[in-house]
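The values are calculated or read from the model by the stated rules, or taken from the named source; none is laboratory data. Bear in mind the structure is a predicted one, so any value in this text is a computation, not a measurement. Heads up, the Cβs are rebuilt from the backbone with ideal geometry, glycines too, and the neighbour counts pull from every protein chain shown.
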Amino acid sequence: MSLESEVNLSDNISLVRQNIRSAALKAGRNPDDILLLGVTKTVDVEMMQRSYDLGITDFGENRVQEFVRKSDIINRKCNWHIIGRLQTNKVRYLDQRIALIHSLDRLELAEALQKRGERLNYIFPVLIEVNVSGESTKAGIQPDEVKNFLLKLSKMGNIKVKGLMTIAPYTENAEEVRGVFRDLRKLSVDMLRERVENISMDQLSMGMSGDYQIAVEEGATIVRVGSALFGKRVYKP
């Protein structure tokens, strides 16, 4: 990695953190309450190590096999998040290094996580992925299905629901997605009022490189940022 790219990484991290701080203060929030999650899809281990040394300690991978590969060689005590759609046949590769699964969206997956958790004697922290925008191409359960889903999950002792996650529609005008983030926040408050046993609503994972500032203004506790930190993704042939 060149010195120029290393300097750019440092500058990018500083800028994103500054933007998070500004958005939080604008909303009357404590900037320290927001986790900057580095999305490391296609990011090599060397850059991840450098970003860790610059203060990014949480990494989000879309694919379980990339978590397995990178976690074995990165040589840093980082926190691993699974943020992409999780296939049930990949659950067997997960272990206690997983700090949070952002994409629980179906009972079949919950049951697989429960069995894996029993085997490991580990409680998997999870977020429910909600398709707030209603896009047919998006994963996630519908908002009106969340309560019944939570009631089923509350009986699973090796899963701990920490909150909700959503992916907003892609748009050139980030302001257009504010309503999506606002609706997820409202849903979180509504679910908290239901007082479902073994369920908490402490975390809201929403906002990516193009809209994380608006997500923070609307209550995000985790923002998933990739290209704004690491540059445009480069896919290897």
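Summary of values
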{"quantity": "Test result for residue 36, at pLDDT 95 or above, touching a helix residue (DSSP H, G or I) at 6+ places or on another chain (Cβ under 7 Å), in a loop (DSSP other than H, G, I, E, B) and under 21 Å from residue 165 (Cβ atoms)", "calculated": "no"}
{"quantity": "Contacts under 7 angstrom Cβ, first residue in the range 140-158 being closer than 20 Å to residue 116 by Cβ, partner at pLDDT 95 or above and among the acidic types (Asp, Glu), 6 or more apart", "calculated": "158/118"}
{"quantity": "Sole exception among (1) out of contact with any Gly (no Cβ under 8 Å at 6 or more places or on another chain); (2) touching a residue at least 60 places away in the same chain (Cβ under 8 Å); (3) of a type outside the set (A, V, I, L, M); (4) closer than 30 Å to residue 152 by Cα for residue 60, by number", "calculated": "(1)"}
{"quantity": "Set 99, 110: member being touching a residue at least 40 places away in the same chain (Cβ under 8 Å), buried (at least 19 other Cβ atoms within 10 Å of the Cβ), within 18 Å of the chain's Cα centre (by Cα) and within 17 Å of residue 125 (Cα to Cα)", "calculated": "110"}
{"quantity": "Residue in the range 141-160 that is closer than 23 Å to residue 38 by Cα and crowded, with 21+ Cβ neighbours inside 10 Å present", "calculated": "no"}
{"quantity": "Some residue of the range 76-83 being modelled with pLDDT under 95, in a loop (DSSP other than H, G, I, E, B) and more than 19 Å from the chain's Cα centre (by Cα)", "calculated": "yes"}
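Conditions tested, residue by residue: (1) surrounded by 14 or more Cβ atoms within 10 Å (Cβ to Cβ); (2) small (Gly, Ala, Ser); (3) within 17 Å of residue 29 (Cβ to Cβ).
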residue	(1), (2), (3)
163	yes, yes, yes
170	no, no, no
180	yes, no, no
188	yes, yes, yes
204	yes, no, yes
216	yes, no, yes
